[in-house]
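A.B. asks: Take a look at this one; I'll ask things after.
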Amino acid sequence: MTDRIHKKIDELIHQIDEFRLEPGFTKEVNRRNVNEVVNNLHDEQFLEIAVELIAYSQSAKSSKVREVLDNGDLPRMFANYDAKKISVMNPCDLADDNWMRIKGIRQKHKLFQIVMLARNIDRGFNMQNLLKQAQIPKTLENKKDVKNFWIGFKKLRKSIKMQNPPFLGELTSLLHFLLMIGYDCAKPDVIVMKAAKSIGIVDNKGNDNDTKKIAVIRAMQEYAVKNSIRTSIIDFYFLVWNGQSEASNLVKPEFYKITKK
């Protein structure tokens, strides 16, 4: 099965490469390729990344979220990600005062999640300490590294759940966070899972539970190790394949007319 899946991923990449829009496509590949694990992640960095992840969550349209992130309103709203200042904010007031400028994030209750996460940090939640304890490999170079990634991931997730911060205990969210800070993984969202099903990594039966999501990301990691490529780049190709709104702008429009017949 592994050889068959790897061949399918080869074909997917080859088809997309024929329709690349440059220089944007290569710029995104290079950005993902050089992304290294953040060392000594301080609270402001963590909160900034978490706010971005929360903004993208729950099927918000990625291009609309990007507009919100680029307009600079979020750091202004959230005191440049100072946890102590955010922890005393009222999410309802934040929505009343700012919603028309940030409505691209789609759900107002995300403001509540951000405030609650800041309160967890103010009470002592420290992601950097949990990452150190989990000892997840910072790069994946062989199958043993892939195995150790999931051992560390399980430990990290268990530690996070014990402290119960909002958002991060969910598998997809935590993998997205690790992807953002430079680890070799991917976010198993709806778009990535659709791509995985289309090439047979998992089937279409039942819901996309954690077991299926782990199988997909692990298959992507194993392909990446075999082909000396970053898992995040495979993630990008999967996003292009199923037309994520940001990624689809980096291939010629006719790609979807030809490949999706």
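The values are calculated or read from the model by the stated rules, or taken from the named source; none is laboratory data. Given the structure is predicted, the values throughout are model-derived calculations rather than measurements. Ideal geometry is used to build each Cβ from the backbone, glycine not excepted, and the neighbour counts take in all protein chains shown.
A.B. asks: Is there a residue being surrounded by 15 or more Cβ atoms within 10 Å (Cβ to Cβ) and touching a residue at least 40 places away in the same chain (Cβ under 8 Å) anywhere in the stretch 65-72?
C.D. replies: Among the residues of the stretch 65-72, at least one is surrounded by 15 or more Cβ atoms within 10 Å (Cβ to Cβ) and touching a residue at least 40 places away in the same chain (Cβ under 8 Å), which makes the answer yes.
A.B. asks: Considering only the stretch 250-261, state which residues are touching a residue at least 40 places away in the same chain (Cβ under 8 Å) and surrounded by 15 or more Cβ atoms within 10 Å (Cβ to Cβ).
C.D. replies: Hits for the stretch 250-261 are LEU250, VAL251, PHE255.
A.B. asks: Turning to a different aspect of this structure: Looking for whichever is touching a residue at least 40 places away in the same chain (Cβ under 8 Å), buried (at least 18 other Cβ atoms within 10 Å of the Cβ), touching a Ser or Thr at 6+ places or on another chain (Cβ under 6 Å) and of a type in the set (A, V, I, L, M, F, W, C) here; the options are ALA83, ALA55, ALA118, ALA50. Which one fits?
C.D. replies: The unique qualifying residue is ALA118.
Residues are listed down the side, and each one gets a yes or a no for (1) crowded, with 16+ Cβ neighbours inside 10 Å; (2) farther than 28 Å from GLY182 by Cβ; (3) of a type in the set (Phe, Trp, Tyr):
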position	(1), (2), (3)
GLY104	yes, no, no
GLN107	no, no, no
PHE112	yes, yes, yes
ARG123	no, no, no
ALA134	yes, no, no
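A.B. asks: For the structure I just gave you, tell me whether LEU250 is touching a Cys at 6+ places or on another chain (Cβ under 8 Å), at pLDDT 95 or above and either of a type in the set (Phe, Trp, Tyr) or under 23 Å from GLU67 (Cα atoms) (or both).
C.D. replies: Spelling it out, it is not the case that LEU250 is touching a Cys at 6+ places or on another chain (Cβ under 8 Å), at pLDDT 95 or above and either of a type in the set (Phe, Trp, Tyr) or under 23 Å from GLU67 (Cα atoms) (or both).
A.B. asks: Restricting to helices (runs of 4 or more DSSP H) lying wholly in the stretch 63-180: which have 2 or more residues that are over 26 Å from ILE217 (Cα atoms) and more than 17 Å from the chain's Cα centre (by Cα)?
C.D. replies: So the answer is 73-77, 83-86, 91-102, 109-122.
A.B. asks: Of the residues ILE191, ILE217, only one is part of a helix (DSSP H, G or I) and either touching a Pro at 6+ places or on another chain (Cβ under 7 Å) or exposed (fewer than 14 other Cβ atoms within 10 Å of the Cβ) (or both); which?
C.D. replies: ILE217
A.B. asks: For LYS205, state whether it is assigned by TED's automatic domain parsing to the domain that holds ARG20, over 16 Å from LYS7 (Cα atoms) and at pLDDT below 95.
C.D. replies: The answer is yes for LYS205.
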